[in-house]
Amino acid sequence: MKKTVGFVVRHLVLTFLVVIWLVPILWLLVTSFSAYKGINTAHFFPEQWSLDNYKVLFLQPDSVVQYGAWFKNTLLIAIFTCIVSTSFVLMVSYAMSCLRFKGRKGLMSFGIVLNMFPGVLSMIAVYFVMKSLGLKNSHLGMIIVYSAGSGLGYLITKGFMDTISTSLREAAWLEGASEATIFFKIIIPLSQPIIVYTIINSFLVPWGDFVLAKLMLNSGIATDWTIAIGLFNMLGKSLINKYFSIFCAGGVIVSIPISALFVLMQKFYVEGVTGGSVKG
């Protein structure tokens, strides 16, 4: 009897949490198809359905909505940041996990301490540094800022690499393999699951960031903005009643690249887990 009650309670709690999580997403989705442009709080589902909101985003841009430019800017920043950040994290993780050199433990401790400080505290300093370098209102500057400190997020990847048998590296050394060969031919293939995690995280940071993007891209030129800044601008007092359903449509579209990346990377994640289990 107690097991049955516990089973029912657990599933009721889980169902409640799922509903809380799904209802806002469902409302965002159905509102994106609403013919009414403002906020409709009287009805959950639109009274009239339309695809006009999606047409405005890509086919009918105006002085407020430049979604095509925002999407391109954000995608380019996210892709290059992802490539650079993932490379940094993997190299730092390999050095800290597999190499032994003077000051290694000190560097690891220093990195952990730096990670304890909130990133928002350094944003003003970063802003003035980028401004002095002429990289304010620059997408290159955004990529540099997002990527520069990514190597400090090595701990999880290092922990994964610590689990790879040292006998594999020792055997490669005996055969005359260089550190680069060991890294690319042994460590990387066996680290696919954590590489997938790193790629997704590195992509998500610039893709969904608002605070740093708003601080750096403040020229007022709409075509230079990222998606986060553009969507936020639609929620202004003078615009929200004209653009809210378009805002919802933009929110739906912004989730597509993330979903596609996850589906694509999941294949490599599974292959890495099964391959690693066989090789180990």
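The values are calculated or read from the model by the stated rules, or taken from the named source; none is laboratory data. These numbers were taken from a predicted model, which means no experiment stands behind them. Please note: Cβ atoms are built from the backbone with ideal geometry, for glycine as well, and neighbour counts cover all protein chains shown.
If you filter region 224-247 down to residues that are surrounded by 13 or more Cβ atoms within 10 Å (Cβ to Cβ) and polar (S, T, N, Q), you find that the one that is farthest from residue 207 (Cα to Cα) is 245.
Only a single item in (1) within 24 Å of the chain's Cα centre (by Cα); (2) at pLDDT below 85 is not met by residue 189, and it is number (2).
Yes/no matrix, rows are residues, columns are (1) polar (S, T, N, Q); (2) touching a helix residue (DSSP H, G or I) at 6+ places or on another chain (Cβ under 9 Å); (3) more than 30 Å from residue 184 (Cβ to Cβ):
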site: 92; (1), (2), (3): no, yes, no
site: 119; (1), (2), (3): no, yes, yes
site: 122; (1), (2), (3): yes, no, yes
site: 127; (1), (2), (3): no, yes, yes
site: 137; (1), (2), (3): yes, yes, yes
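Selection of region 209-268 for residues being of a type in the set (Gly, Ala, Ser) and assigned to a helix (DSSP H, G or I) yields 213, 222, 228, 230, 245, 249, 250, 251, 255, 259, 260. Restricting 167, 122 to residues that are under 30 Å from residue 223 (Cβ atoms) and polar (S, T, N, Q) narrows the list to 122. If you filter region 86-137 down to residues that are part of a helix (DSSP H, G or I) and polar (S, T, N, Q), you find that the one that is surrounded by the most Cβ atoms within 10 Å (Cβ to Cβ) is 93.
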